[in-house]
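Asks: Quick one: structure below, then a few questions.
The values are calculated or read from the model by the stated rules, or taken from the named source; none is laboratory data. None of these values were measured; they are calculated from a predicted model. A quick note on method: Cβ atoms are made from the backbone with ideal geometry, for glycine too, and the neighbour counts reach across all protein chains shown. Areas reflect the complete protein model, heavy atoms only, side chains present, ligands, DNA and RNA absent. Shrake-Rupley method; radii C 1.70, N 1.55, O 1.52, S 1.80 Å.
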Amino acid sequence: MSNAAERPVNGDAEDDDEDEGGDLEAWERTYAEDRSWEALQEDESGLLRPIDNTAIYHAQYRRRLRNLASKAATARIQKGLIRYLYIVVDLSKAASERDFRPSRMAVIGKQVEAFIREFFDQNPLSHVGLVTIKDGIAHCLTELGGSPESHIKALMGKLECSGDASLQNALELVLGYLNQIPSYGHREVLVLYSALSTCDPGDLMETIQKCKKSKIRCSVIGLAAEMFVCKHLCQETGGTYSVALDESHFKELILEHAPPPPAIAEYATANLIKMGFPQRSAEGSVAICTCHEEAKTGGGYTCPRCKVRVCELPTECRICGLTLISSPHLARSYHHLFPIVMFDEVSPSSQNDPSFSFSNTCFGCQQSLNSQGNKPGLSVICPKCKQQFCLDCDIYIHESLHNCPGCESSRHSKSVTA
Amino acid sequence: MTSAPSKLYADDVSLLVVTLDTNPFFWSTFPFPFADFLSQVLAFLNSILLLGQLNQVIVIATGCNSCGYVFDSTSDKNHGSTTGTMPALYSNLLHNLDQFVARDQQLASPHTPGTVPSSLLSGSLSMALCYIQRAFRSGPMPPQPRILCLQGATDGPEQYVAIMNAIFSAQHSVVPIDSCYIGSNNSAFLQQASYITGGIYYKPPQLDGLYQYLSTVFATDLHSRAFLRLPKSVGVDFRASCFCHKQTIDMGYVCSVCLSIFCEHHDKCSTCGSVFGQAQLDASAADRKRKA
Ligand SMILES: [Zn+2]
Ligand SMILES: [Zn+2]
Ligand SMILES: [Zn+2]
Ligand SMILES: [Zn+2]
Ligand SMILES: [Zn+2]
Ligand SMILES: [Zn+2]
């Protein structure tokens, strides 16, 4: 316990990385989620009370936001939002190594599942396919598709490993599939490579050049050590190469591939795609769907052009060929297009200014903006609607909500922004 | 922040945030009077509070030019008001609502006569979500939140992006959005909101029995709902609204770069500036890249 007793002295404010649990011993790990003793400090009378971290958190968050804002100003919103990504999972013998707990394979399975969910959250119109390498052969586990559940189910059922890995076989297989996708799509491959060798039938360098020519961006995350050929592949095709140190690092590395990559805009042609937004039919209505050719009860969607029933979105109408998607799929990415402005901090000095009307409560959540002793605490103000918010709301509004409650609840300021 | 120990909640405490449509243009054209509507809603809110001692009710008014909090069942002001003749609990709500409607009217900007301007649902939803986040911060066992939208006016397509943002944020923090829509047609926004967040969308067929509908459909907490036979969904309208004219469309064109929706073909995307249908690596794209 002496270890635990020392921690509150430093606090966790200055050392953000510590929260990741990266340097913990194995027996400490279960406590990584809830290290409640760190959040305590002694006050003047020697009583323990929680540390007020809000100001520090808020400062960190402002810095992050400013970085984002300056990045957004230099680069336009051009992002590859329609991505066709193949995840290549190496299930050779090397994947059974136990340097990751319980094994590399289990860790890959768990993190790929999380990644696929996050990927579809951030890239609503994109497609993912899974390829596994086993016994020197690449095998297509799932075809390119937009439903996270089916990929996850397929992968979880196939988590067993044997034989050697072959990078060339995997790339050739993926190459064949990715060459068929529409020109507006961004082609990407993410290889999760456990082995330290590759057993190929031909010249891997040729395959790499083919990938480069087909504008396929290949990235590799290694689980063992750096390999020259992987690095070469990534450099040639514009991808990223990294090697995971442990599970949390692996998680970090794989999630870096979830947000749409900005720099590949020139890889795909901009295009206007004709799309239909079908209505979901009432529960209990019966219709014959075109995808399974069966009579189904309830829960399907109706193509707006030819009125046939399909079971799942997004898909292509089998009859008229219209791309069918649900509009919420698209809307998930709209906050990238219409980011809300950064709120200005209200400095304590401006509150003495008689022309400034200081409100006592946060416009969003009605929390009092006064700190202890009825002095005005820290708060922020929206430059557009001039409403004041508490720091917690400020973070929530910019990180999750992506709406300013003040601007949204006034018709005047809305017509200005529109 | 108060240093008082956070309240210990049981796991079946509800926090109900109600958004109440007060759009005067809607109510003046609607056959059912607002006063009758309100009295049934108040009875419903009372029954929520009676269902559990710790249950909380928040009411946010959705006006035509503004939105505002009008009632908070945990606020001290509700108790100890003995002067009025009305039940103490709601004298405060009615007072705030009167003030709100008067203020909302003052802010009114001229609009084309004959049309009903939409209510600012995106504003009240955003406020409700901020309040719920505050409840989540309140302690280790926060009350179970849900939002109930009592909406009458038609959807404002100009709020599309903002409402979708609010829906996704609610989905992310597992806050169901229930909607009771009393207007004449169905509301596509609320249908989508309830469908995506796992709430209930219901359009009462008869407003005389509104209390009955509210208390049978919306009064139960999420856990109890699993045992009830609730109204089946009558379908969800997934139509989007186009960025160019803010019209609701069921077919349209989508920019492959930024996913903006347009109702007609354009040569250039007005949102992200991409030029459509040109060869790869055309001059403007290469130029833009060099700048970036
Ligand atoms: Zn089907
Ligand atoms: Zn069709
Ligand atoms: Zn707040
Ligand atoms: Zn604002
Ligand atoms: Zn239009
Ligand atoms: Zn665009």
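Asks: Sort A:Cys306, A:Cys407 from largest to smallest accessible area, using a 1.4 Å probe on the heavy atoms of the protein chains.
Replies: Descending accessible area places them as A:Cys306, A:Cys407.
Asks: Inside 10 Å of the C-beta atoms of A:384-396, what's the mean count of C-beta atoms belonging to other chains?
Replies: 2
Asks: In terms of modelled amide H atoms, which long-range or inter-chain residues lie less than 5 Å from the amide H of A:Leu141?
Replies: A:Leu130, A:Val131, A:Thr132
Asks: Beyond 29 Å between alpha-carbons counts as too far, so tell me which of A:Lys134/A:Lys251; A:Lys134/A:Lys212; A:Lys307/B:Lys268; B:Lys246/B:Lys268; A:Lys134/A:Lys296 fall in that bin.
Replies: A:Lys307/B:Lys268; A:Lys134/A:Lys296
Asks: Right, next: At q = 0.14, 0.18 Å⁻¹, what is the log10 ratio I(q)/I(0) for segment A:168-228, with the Debye formula run over Cα points and no solvent?
Replies: Log10 of I(q)/I(0), two decimals: -0.42, -0.67.
Asks: Averaged per residue, what accessible area in Å² does segment A:78-267 show with a 1.4 Å probe, protein chains only?
Replies: Heavy-atom SASA per residue in segment A:78-267 reads 40 Å².
Asks: Right, next: Once the whole set of protein chains is in place, how much accessible area is left on A:Met105, using a 1.4 Å probe, in Å² to the nearest 10?
Replies: 30 Å²
Asks: So, one more: In what sequence, largest accessible area first, do A:Lys215, A:Lys93 appear using a 1.4 Å probe?
Replies: Order by accessible area, largest first: A:Lys93, A:Lys215.
Asks: For the peptides A:282-294, B:12-24, what is the packing order when you average, over each peptide's residues, the other Cβ atoms within 10 Å and list the highest mean first?
Replies: Taking the mean over residues of other Cβ atoms within 10 Å, the ranking is B:12-24, A:282-294.
Asks: Evaluate peptide B:170-183: per residue, the Cβ atoms of other protein chains within 10 Å of its Cβ; return the mean as an integer.
Replies: 1
Asks: So, one more: Enter the accessible area of B:Lys246 (Å², nearest 10), with the probe set to 1.4 Å and all protein chains included.
Replies: 90 Å²
Asks: Now for a different question. So for segment A:78-267, what are the equivalent ellipsoid semi-axes in whole Å, largest first, each being the square root of 5 times an eigenvalue of the Cα gyration tensor?
Replies: After scaling each eigenvalue by five and taking roots: 22, 19, 16 Å.
Asks: Taking amide H atoms as placed 1.01 Å from N in the peptide plane, list the residues 5 or more away in sequence, or in a different chain, whose amide H sits under 5 Å from that of A:Glu316.
Replies: So A:Glu316 has HN proximity to A:Leu324.
Asks: So what's segment A:279-337 giving for Rg/Rh, alpha carbon basis, Kirkwood Rh from the mean inverse pair distance?
Replies: Reported Rg/Rh (Cα atoms, Kirkwood Rh): 1.04.
Asks: Hey, if we sort A:Glu408, A:Glu149 by accessible area with the 1.4 Å probe, largest down, what's the order?
Replies: A:Glu149, A:Glu408
Asks: Next question, about the same structure. I'd like the distance between the alpha-carbon centres of segment A:119-163 and segment B:120-196, rounded to an integer number of Å.
Replies: The two parts, judged by their Cα centres, are 35 Å apart.
Asks: Evaluate peptide B:259-269: per residue, the Cβ atoms of other protein chains within 10 Å of its Cβ; return the mean as an integer.
Replies: Partner-chain Cβ atoms within 10 Å, mean over residues of B:259-269: 4.
Asks: Any idea of A:Met205's accessible area? Nearest 10 Å², probe 1.4 Å.
Replies: Accessible area of A:Met205: about 80 Å².
Asks: Which net charge results when you count Lys and Arg as +1 and Asp and Glu as -1 among the other residues whose beta-carbon is under 11 Å from that of B:Val234?
Replies: That works out to +1.
Asks: How much of the accessible area of segment B:14-226, probe 1.4 Å, is carbon plus sulfur, in whole percent?
Replies: 57 percent
Asks: Another one. At 1.4 Å probe radius, can you tell me the per residue accessible area of segment B:111-236 in Å²?
Replies: 38 Å²
Asks: Separate question: With a 1.4 Å probe, how much accessible area is buried between chains B and A, both sides summed, in Å² to the nearest hundred?
Replies: For chain B against chain A, roughly 6100 Å² becomes buried.
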